[in-house]
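Remarks on the structure that follows.
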Amino acid sequence: MKRIVILISGRGSNMEALVRACAAQAWPARIEAVLSNRPDAPGLAFASRVGIATAVVDHRAHGSREAFDAALEQAVQAFRPDLVVLAGFMRVLGPAFVARFAGRLLNVHPSLLPAFPGLHTHRRALEAGCHVTGATVHLVTAELDCGPIVIQSAVPVRPGDDEQALAQRVLATEHVIYPLAVRWFVEGALDVSGGRVRHRAGEPQWYFG
């Protein structure tokens, strides 16, 4: 049974999708804890209601990114995770933290990486005149939003879209592909070689939203 820890900063909609999928699909895994860098993150209340342990490591209580990362690492490691999942965790993790959990640290990013890493992805996609955008689940490396890609979703950009409308449709596909990627991981279905991730049974690593 694999042990999962989820990190959030806000409402945790992707976290909720993971919790529900884990239970409904009987993954060979248990979500041990949900941690946040913000004590007021709404997602903590959901986790508590469904019986998942929660903890807060407030980034404002630490004088440097390195100090915060060290405190977060200690808090995460207390749950002995096989996988750490970033679900709307709005802090850039330093190389020491990433190295500690290398190969077992997943993130979802709201763009078709390598396009538009970082923030304001939907605005940038609209400004660039993209006809298609989407989301990417990837393994986390020390370089921001550049890790090996597990699965991507494709979402059409419609005439008249604004950031909010586009973000809502992309988020809906995140709720599909993130649980799928995490299930693949805990089932041992993924092979990582040469900076690429392959599903051993050849399942499609894309989703059209």
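Return yes or no: is VAL182 under 18 Å from LEU83 (Cα atoms) and either in the same structural domain as MET1 (by TED's automatic domain parsing) or loosely packed, with under 15 Cβ neighbours inside 10 Å (or both)?
When the stated conditions are applied, VAL182 does not pass them.
Matching residues to (1) closer than 24 Å to PHE185 by Cα; (2) polar (S, T, N, Q):
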| site | (1), (2) |
| --- | --- |
| ASN14 | yes, yes |
| ALA23 | yes, no |
| ARG38 | no, no |
| LEU83 | yes, no |
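Kindly list the number of the only condition in (1) at positive phi; (2) touching a residue at least 60 places away in the same chain (Cβ under 8 Å) that fails for VAL170.
(1)
If ARG49 satisfies all but one of (1) under 19 Å from the mean Cα position of the chain (by Cα); (2) farther than 25 Å from GLY118 by Cβ; (3) not small (Gly, Ala, Ser), what's the number of the condition it fails?
(1)
With the checklist (1) touching a His at 6+ places or on another chain (Cβ under 9 Å); (2) over 18 Å from VAL182 (Cα atoms); (3) not polar (S, T, N, Q) in hand, flag the one item HIS109 doesn't pass.
HIS109 satisfies every listed condition except (2).
The values are calculated or read from the model by the stated rules, or taken from the named source; none is laboratory data. The model shown is predicted, which means the values in this text are computed figures rather than measured ones. Every residue, glycine as well, gets a Cβ built from its backbone with ideal geometry; the counts of neighbours run over all protein chains shown.
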